[in-house]
Structures are given as structure tokens and as C-alpha cells.
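Novice: Provided herewith is a single structure, encoded as C-alpha cells, for subsequent inquiry.
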Amino acid sequence: MTTNYIITQVKPEEHDTLLDIWESSVRATHHFLREDNILFFKQTIHEHKYFEMVELACVRDDNNQILGFLGTNDNNLEMLFVHADSLGKGIGKVLLNHAINEVKITKVDVNEQNEQAVGFYLHHGFKMTSRSESDGTGKPFPILHMEL
């Protein structure tokens with residue numbers, strides 16, 4: 001049985017849902033983060049209204065529940081997160097294909113320590129172009145800068 005995932009827009013009132021999905025995804029995939037790191041980033045995303053700074057799109061299930069989302073800015077994929085319960089079901093691939101084919105993204109930054117994500121982007125044709133020792137907040141989490 002194949003599931004057809006549909007990409008839709010995200011309403012501003014759904015930003016709290018996106019934050020919950022972000023947290024679920026990060027807890028399942030970012031094993032290098034400590035609890036205080038997760039809480040710091042969650043608060044930062046909320047306070048700085050990161051979801052308002054990007055073009056958002058999401059995948060929903062038959063009950064209109066958001067399973068995963070992405071945020072883009074120009075030709076950059078700024079975020080792509082899938083709820084932990086939906087990991088491994090092709091949702092990330094659907095979102096990434098949308099970002100590449102419809103939004104025309106060509107770049108993504110990814111945590112070097114998130115090996116699953118690094119492998120995902122390499123598998124989909126991205127190549128590492130450079131590396132930063134710390135993330136955008138100055139924390140010591142190396143970032144790989146990748147391009148198609």
C-alpha cells in the first residue's frame with residue numbers, strides 16, 4: 001500500500017504544532033544534544049519566531065494532522081523535520097523533493113553529528129561544500145554546508 005502525501009501550506013496558528021514536531025524529531029535524531037540544548041533551541045525558535053522567517057510547507061495525513069514540515073528561504077532549505085512517529089515513511093523525501101523541484105532550493109546546512117540527516121542529503125545528491133565549527137548560535141555543534 002502506497003501512501004500519497006500531499007504538501008500544503010502551514011497556517012500561523014499551526015506554528016505551535018510545528019514546534020512540537022520539531023521537538024519530537026530532534027529528540028529522535030539529534031542524540032548529541034543534551035536536554036538543556038534542546039530547551040534552549042526550542043525557546044529560541046519560539047522567541048525569535050523562526051517559523052515566520054521562512055516559507056513553510058508541510059505533509060498532512062488523512063485527518064489533516066501535520067506529519068512533517070520544511071522551511072525555505074531563497075534557495076536554502078532552512079529546516080526539515082518529521083515527527084518521530086512518522087520517521088522512515090518517506091515523508092522527508094516528499095518534503096525534500098518538493099523543496100528541490102517546486103521551491104528550487106540548492107543548499108542546506110546540516111548538523112555534522114546528525115549522521116542520519118547527513119546521509120539523507122548525500123543520498124539525494126547534495127555534496128559538502130564547507131564546514132563550520134559551530135552552529136548559528138555559536139554553540140559547538142559543527143555544521144556542514146551542502147549544495148546540490
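Every number here is computed from the coordinates shown, using simple stated rules; none is lab data. Since this is a predicted model, take the numbers as computed values, not measurements. Don't worry about glycine lacking a Cβ; one is built from the backbone with ideal geometry, like all the others, and counts go over all protein chains shown.
Novice: Just subtract the alpha-carbon distance of N73 and D36 from 0.36 nm times their residue separation and send over the number in nm, one decimal.
Specialist: Length difference between fully extended and current span is 10.5 nm.
Novice: Whole-Å semi-axes of the chain's equivalent ellipsoid, largest first, each the root of 5 times a Cα gyration tensor eigenvalue?
Specialist: 22, 19, 15
Novice: Give me the net charge for the shell around H145: Cβ to Cβ below 14 angstrom, other residues only, Lys and Arg +1, Asp and Glu -1. Walk me through the numbers before you get to the answer.
Specialist: Details: positive: K107, K127, R131; negative: E78, D109, E112, E133, D135, E147.
Counting the neighbours of H145, the net charge comes to -3.
Novice: Give, in nm to one decimal, the length gained when the segment between H46 and E14 is fully stretched (0.36 nm per residue of separation minus the Cα-Cα distance).
Specialist: 10.3 nm
Novice: Follow-up. To the nearest Å, what is the center-to-center distance of the stretch 1-55 and the stretch 109-130, using C-alpha atoms only?
Specialist: 19
Novice: Assuming 0.36 nm per residue, please report the length gained on full extension of the stretch D61 to K89 beyond their Cα-Cα distance.
Specialist: So the chain would gain 8.9 nm between D61 and K89.
Novice: Hey, another quick one. Let me have the relative contact order for the stretch 6-105, percent, based on Cα pairs under 8 Å that are six or more residues apart.
Specialist: About 28 percent, as a whole number.
Novice: Using a simple spin-label model with points 7 Å from Cα along the Cα→Cβ vector, what separation in nm is obtained for E102 and I6?
Specialist: Calculated label separation equals 1.1 nm.
Novice: Related question: So what's the net charge close to G136: Lys and Arg +1, Asp and Glu -1, counting the other residues with Cβ under 13 Å from its Cβ? Each step should come with its number before you reach the end.
Specialist: On the way: positive: K139; negative: E78, D109, E133, D135.
Here the charged neighbours net out to -3.
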